[in-house]
Amino acid sequence: MDAVSEPNPSLWATSPNALLSMRRAKAVGDLLTVVVEMDDQASLKSSLSRSHGSSEDMSIDALLGLPDVLNNALPGSASVSPAIDFKRNSNMAGNGAVNRAEKVTFTLAARVVGVEPNGNLIIQGYQQTRVSNEIRYLSVSGVIRAQDITRTNTVTYDKIADAQLSYVNQGDTTGPNGRKAVPKLLDKVLPF
């Protein structure tokens, strides 16, 4: 005779259809929501200064009487002393600064595509939205700990290890809108 399993009357049952069960992603194929709220700022300043100078002076005042012979042979008041006179100076200075500020906010559904031996979950998610001539691509991938998934089955981007986030827009808002062919060509030839 087969044993008939009786339903578990407990409120804390672990089955997915239980009243108070935890519906967190934990196996391959499960879905969860990734919340990205990034407010990134970076500032970089650099300065460089270099100075180099050299001077050479060589004289042949008494080389076996040769300077006297050469001085008499040279026209006018020309002289072989100093025979070589060389001076060189080089200066260089440069400054640079980069300031960047970015704010990105989006949510994206991701799928568990693998489970590591220690229980960490490998996730991947991709979304493409098209409105008129505007296309938005969102993608996320990385590794998360199962305990970082909240009760609402979400995880924030800062909890993703080896995170690869991508947010790309393509279409009318990223290009010149409603312009004729000649102005567009001029923008490509003379962008500034």
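The values are calculated or read from the model by the stated rules, or taken from the named source; none is laboratory data. Keep in mind that what you see is a predicted model, and the values were worked out from it rather than measured. We place every Cβ from the backbone using ideal geometry, glycine too, and count neighbours over all the protein chains shown. Just the protein is used for accessible areas: all its heavy atoms, side chains included, with ligands, DNA and RNA removed. Shrake-Rupley method; radii C 1.70, N 1.55, O 1.52, S 1.80 Å.
Being modelled with pLDDT of 80 or more and either open to solvent by less than 90 Å² (accessible area, probe 1.4 Å) or in contact with a helix residue (DSSP H, G or I) (Cβ under 8 Å, 6 or more places away or on another chain) (or both): is that true of residue 118 here?
Working: modelled with pLDDT of 80 or more: yes; either open to solvent by less than 90 Å² (accessible area, probe 1.4 Å) or in contact with a helix residue (DSSP H, G or I) (Cβ under 8 Å, 6 or more places away or on another chain) (or both): no.
Here the answer is no, as residue 118 does not meet what is asked.
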Quick one: what pairs do we get from region 160-171, first residue in contact (Cβ under 8 Å) with a residue 60 or more places away in the chain, second of a type in the set (Phe, Trp, Tyr) and surrounded by 13 or more Cβ atoms within 10 Å (Cβ to Cβ), C-beta under 9 Å, 6+ apart or different chains?
165/157; 167/106; 167/137
Can you pull out every residue in region 134-164 that is open to solvent by less than 60 Å² (accessible area, probe 1.4 Å), among the charged types (D, E, K, R) and modelled with pLDDT of 90 or more?
148
Evaluate the following for residue 167: is it open to solvent by 40 Å² or more (accessible area, probe 1.4 Å), in contact with a strand residue (DSSP E or B) (Cβ under 7 Å, 6 or more places away or on another chain) and at pLDDT 90 or above?
no
